[in-house]
Ligand SMILES: [Fe+2]
C-alpha cells in the first residue's frame, strides 16, 4: 500500500510554551488564570492588579503553584477591605509583589509599579511641588500628629493608601533598567487621542529602557499600536489586558491580548 493512499498524518503543530503570560484584573475569579496555565504552561505569570483574592492568594492558586512562577502587582481594589489586603499582603506569595523593583523572570528583567495615582497623595499631571505627600513616611507623620487625612489604620497610613503611588517610590525606579514594565495604571496615548493614561507611566517605561509595557485597571484588551494610540515607532509596545484575558509573551504577531 503506497503512502499516497494512506498519507501520513501531518505533524501536530508545535507551539512553544510562552515565557510570560500577563493576566488582567481577576477581581476574585482565578479560574481563567488556572485554566490558561494548565493549557499553555508558561514559565511565569504576572497578574496586573485588583486580585481581590477571596482566600489567601497561595490557596487560590494552589493548583498551579508547581506549574509556573507566580508574580503580581497590586491594584486599587486590593485595599478595598481588610480581607482584600490580608489575602494578598498576608499570603505566602506576598514576596512575589513586583511593586517598586526589578526582578529577572523567565529571562526578562521585569519592573513593577502597583497601585494608582490619587490626588490626595500625588497627581503626576501636576507639578511635583503640589504633591500633598511625597512618601508613606510623610503621610504617617501627618496622621500621627492628628492630621485628618484618612487614617490611621493598624497604626500606619490608611489601608486605601497602601495602593496609592507615592512620588518617592516612583522616583526610586527612575535609573533602573528593565525589559518589561508592568503597572496597574496605563501609559499615555499619543497627543489628541482620548485615553485615560498617564505620561508618568510612559516616561517610566522609557527611562527603564523597557520594550514592553503592560497594564490592567481599564478592563479592556488594548494593543496601543493597533488602536492608533501609539505609533509603531514608539520605543516600547504597550498593551492593556482585560479581566479574564491574557497576553502571552513573546508576542505572536497579530495575536494581542485575548
Ligand atoms: Fe483597578
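Within the stretch 165-201, the set of residues being assigned to a strand (DSSP E or B), touching a helix residue (DSSP H, G or I) at 6+ places or on another chain (Cβ under 8 Å) and within 18 Å of residue 216 (Cβ to Cβ) comprises 181, 183, 187. Of all the residues in the stretch 18-32, those that are over 18 Å from residue 104 (Cα atoms) and away from the ligand (no atom under 16 Å from the Cβ) number 3.
This table checks each residue for (1) within 16 Å of the ligand (Cβ to nearest atom); (2) touching a residue at least 24 places away in the same chain (Cβ under 8 Å); (3) touching a strand residue (DSSP E or B) at 6+ places or on another chain (Cβ under 6 Å).
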site	(1), (2), (3)
16	no, no, no
34	no, yes, no
41	no, yes, no
47	yes, yes, yes
53	yes, yes, no
57	no, yes, no
95	no, no, no
110	no, yes, yes
117	yes, yes, no
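Residue-level analysis places residue 141 outside the set of residues that are closer than 20 Å to residue 74 by Cβ, out of contact with any strand residue (DSSP E or B) (no Cβ under 7 Å at 6 or more places or on another chain) and at pLDDT below 95. When the stretch 201-216 is filtered for residues that are surrounded by 24 or more Cβ atoms within 10 Å (Cβ to Cβ) and over 21 Å from residue 104 (Cβ atoms), the ones remaining, listed by number, are 201, 216. Residue pairs whose Cβ atoms lie under 7 Å apart, sitting 6 or more positions apart in sequence or on different chains, and linking a residue in the stretch 71-83 that is farther than 17 Å from residue 60 by Cα and in contact (Cβ under 8 Å) with a residue 24 or more places away in the chain to a partner that is within 11 Å of the ligand (Cβ to nearest atom) and outside any loop (DSSP other than H, G, I, E, B), are 75/163; 76/116; 76/163; 79/163. Examine the stretch 126-138 for a residue that is more than 30 Å from residue 180 (Cβ to Cβ) and in a loop (DSSP other than H, G, I, E, B), and state whether such a residue exists. Yes: one or more hits.
The values are calculated or read from the model by the stated rules, or taken from the named source; none is laboratory data. Small disclaimer: the values here were computed from a predicted structure and weren't measured. Cβ coordinates were reconstructed from backbone atoms using ideal geometry, including for glycine residues, and neighbour counts include every protein chain displayed.
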